[in-house]
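Engineer: Submitted below is the structure of interest, expressed as structure tokens.
The values are calculated or read from the model by the stated rules, or taken from the named source; none is laboratory data. Treat the numbers as computed from the prediction; the structure is a model and nothing was measured. Cβ: placed from backbone, ideal geometry, glycine included. Neighbour counts: every protein chain shown. Only protein heavy atoms, including side chains, enter the accessible area calculation; ligands, DNA and RNA are left aside. Shrake-Rupley method; radii C 1.70, N 1.55, O 1.52, S 1.80 Å.
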Amino acid sequence: NKAKTSGERYLFYTQKMTDMAAGKLTLENQLRQALDKGEFVLHYQPKVNLASGKMTSAEALIRWNDPRTGLVPPGRFIPILEETGLIHEVGRWALRQAIKDALRWRSAGLAAVRIAVNVSPLQLRHRGFIDEIRQAISIDAHAAAGLELEITESLLMENVQHSITSLHAIRDMGVTLAIDDFGTGFSSLSYLSKLPVDTLKIDRSFVIEMTDAPESLALVSTIISLAHALKLKVVAEGVETEEQSRLLQVLNCDEIQGFLFSKPVPSDIFEAKYLALPSSP
Ligand code: C2E
Ligand code: MG
Ligand code: MG
Ligand code: MG
């Protein structure tokens, strides 16, 4: 009986949809609690200058240390934080935590590195965000100079005029700015030249394809030339092999970041492995 079958199917789907909605609600509550309980952590991944082979800075990458399941990667919860508006609080936490970590390392006299923090375009659009940054960097005179913010290309272009205004305000505080995942959005070249940014980060997808697909190699090469023509630094993300690294060096890329040099690591390991100054003989 046809009607019955479709009826059952309808029931099935609504049940599934209810389950999904409930699952999301639980996750939202869990994420809220995670923030209260201090279960978010920052891992750090070095960026390396290709000419010197030395680390110049590091990117802070958030994880949720869920006591029941272990480390949850940001791809699984950032979209929910963004949907629910929790991204503002969690983003503020990440910004403050990264600045705190950097201050601790500076105070301990460890190697000085700039720390990059990822910012959701929703945060950038938020009215209070500029003041939040101002407050967060006020804890230490060196905080602004030691901070970089990474903003994904795609959404930066949605409201270009507002983005330009906000980015100028941030840069006026002495904070540097990077466009993340460059090449995946649709930046108009005329706007790109007007964005007050310091760095372009070439998206990992191009780096992966670069060694096999001539079109991707051409793209990477073009992005590097474009960046330099605009007096921007260019970083390639997701570099996993020596071959990619060598090729990027030939193409004049300034810095690389990826598993080849290091995976993102917990802050204590980052400190011990990459910031400890060589002990004098
Ligand atoms: P992203 O900013 O583009 O960060 C690069 C991602 O690539 C990171 O994933 C990093 O672990 C990964 N990665 C780095 N090198 C390699 C490599 O050689 N091979 C491979 N396969 N992957 C590599 P992760 O940590 O899972 O972060 C994913 C995204 O989540 C980030 O992309 C960023 O957009 C977002 N995110 C992370 N932390 C934050 C945060 O504090 N706030 C906001 N708003 N977003 C964040
Ligand atoms: Mg990033
Ligand atoms: Mg990126
Ligand atoms: Mg990326």
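Engineer: Within region 233-253, track down each residue that is more than 15 Å from ligand 1 (Cβ to nearest atom) and touching a helix residue (DSSP H, G or I) at 6+ places or on another chain (Cβ under 8 Å).
Structural biologist: Answer for region 233-253, where residues must be more than 15 Å from ligand 1 (Cβ to nearest atom) and touching a helix residue (DSSP H, G or I) at 6+ places or on another chain (Cβ under 8 Å): Lys233, Leu251, Asn252.
Engineer: State yes or no: is Leu195 over 17 Å from the mean Cα position of the chain (by Cα), farther than 20 Å from Ile99 by Cα, away from ligand 4 (no atom under 16 Å from the Cβ) and not in a helix (DSSP H, G or I)?
Structural biologist: yes
Engineer: Go through region 121-139 and give me each residue that's exposed (fewer than 15 other Cβ atoms within 10 Å of the Cβ), in a loop (DSSP other than H, G, I, E, B) and of a type outside the set (Gly, Ala, Ser).
Structural biologist: Within region 121-139, Arg127, Ile139 meet the criteria.
Engineer: Please indicate, with yes or no, whether at least one residue in region 219-228 is closer than 21 Å to Val160 by Cα, within 12 Å of ligand 1 (Cβ to nearest atom) and among the β-branched types (Val, Ile, Thr).
Structural biologist: No; the residues of region 219-228 include none that is closer than 21 Å to Val160 by Cα, within 12 Å of ligand 1 (Cβ to nearest atom) and among the β-branched types (Val, Ile, Thr).
Engineer: Taking region 65-108 as the region of interest, how many residues are part of a helix (DSSP H, G or I), open to solvent by less than 50 Å² (accessible area, probe 1.4 Å), more than 16 Å from ligand 2 (Cβ to nearest atom) and within 15 Å of Lys37 (Cβ to Cβ)?
Structural biologist: So the count comes out to 0.
Engineer: Before we move on, is Arg171 surrounded by fewer than 21 Cβ atoms within 10 Å (Cβ to Cβ), in contact (Cβ under 8 Å) with a residue 12 or more places away in the chain and touching a strand residue (DSSP E or B) at 6+ places or on another chain (Cβ under 9 Å)?
Structural biologist: So Arg171 fits the description; yes.
Engineer: Give the residues of region 136-166 that are in contact with a strand residue (DSSP E or B) (Cβ under 8 Å, 6 or more places away or on another chain) and within 16 Å of ligand 2 (Cβ to nearest atom), sorted by residue number.
Structural biologist: Correct list: Leu147, Glu148, Leu149, Glu150, Ile151, Thr152, Glu153, Ser154, Leu156.
Engineer: Just name the residue that is most open to solvent (accessible area, probe 1.4 Å) out of those in region 241-250 that are out of contact with any strand residue (DSSP E or B) (no Cβ under 9 Å at 6 or more places or on another chain) and in contact (Cβ under 8 Å) with a residue 24 or more places away in the chain.
Structural biologist: Glu243
Engineer: Quick check on my filter: what residues within region 256-266 are open to solvent by less than 40 Å² (accessible area, probe 1.4 Å) and within 15 Å of ligand 4 (Cβ to nearest atom)?
Structural biologist: Matches in region 256-266: Ile256, Gln257, Gly258, Pro264.
Engineer: Going by the conditions given, is Asp180 touching a helix residue (DSSP H, G or I) at 6+ places or on another chain (Cβ under 9 Å), of a type in the set (D, E, K, R) and surrounded by 17 or more Cβ atoms within 10 Å (Cβ to Cβ)?
Structural biologist: The answer is yes for Asp180.
Engineer: Which condition number in (1) within 18 Å of Gly91 (Cα to Cα); (2) in contact with a helix residue (DSSP H, G or I) (Cβ under 9 Å, 6 or more places away or on another chain) is the one that Ser138 fails?
Structural biologist: Exception for Ser138: condition (2).
Engineer: Just to be sure, is Ile62 open to solvent by less than 60 Å² (accessible area, probe 1.4 Å), out of contact with any Asp or Glu (no Cβ under 9 Å at 6 or more places or on another chain), at pLDDT 95 or above and away from ligand 4 (no atom under 16 Å from the Cβ)?
Structural biologist: It is false that Ile62 is open to solvent by less than 60 Å² (accessible area, probe 1.4 Å), out of contact with any Asp or Glu (no Cβ under 9 Å at 6 or more places or on another chain), at pLDDT 95 or above and away from ligand 4 (no atom under 16 Å from the Cβ).
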